[in-house]
Amino acid sequence: MVPKDPFMLLSYINTQLRDHYPSFSELCSSLDLDSEALSDKLAGIQYYYSEEKNQFIGR
């Protein structure tokens with residue numbers, strides 16, 4: 001289960017990406033997460049996925 005709070009979610013997702021997954025799509029596939037819903041939730045706090053850095057970064 002992933003955190004519901006957007007800031008806790010951000011921390012969780014970036015940690016998972018750093019430690020276990022080479023891409024956001026692989027993380028979502030492996031954890032059975034809706035990538036669009038997850039991206040939208042993090043966009044709500046102004047964070048967007050960077051393929052280059054393989055993490056969500058603030059703008």
Self-check item: FRET efficiency, ASP5 to GLU52 (Cβ-Cβ, R0 35 Å, nearest 0.05)
Solution: 0.85
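Taking 2.2 N^0.38 Å as the expected size of a compact globular protein, what ratio does the Cα radius of gyration of the chain give against it, to two decimals?
Details: Rg = 10.1 Å, N = 59, 2.2 N^0.38 = 10.4 Å.
The reported ratio for this selection is 0.98.
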Quiz item: Check GLN55: other-chain or 5+ apart residues with amide H under 5 Å from its amide H, H built from backbone geometry?
Solution: SER50
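Counting only heavy atoms of the protein chains, get the accessible area per residue of the chain (1.4 Å probe) and round it to a whole Å² value.
Details: 4020 Å² over 59 residues.
Heavy-atom accessible area per residue stands at 68 Å².
What percentage of the solvent-accessible surface of the chain, computed with a 1.4 Å probe over protein heavy atoms, is contributed by carbon and sulfur atoms? Display every interim value, and only then the final one.
Numbers: 1920 of 4020 Å².
Of the solvent-accessible surface of the chain, carbon and sulfur hold 48 percent.
The values are calculated or read from the model by the stated rules, or taken from the named source; none is laboratory data. Predicted model only: the values in this text are computed from it and were never measured. Heads up, the Cβs are rebuilt from the backbone with ideal geometry, glycines too, and the neighbour counts pull from every protein chain shown. SASA here: full protein model, heavy atoms, side chains in, ligands and nucleic acids out. Shrake-Rupley method; radii C 1.70, N 1.55, O 1.52, S 1.80 Å.
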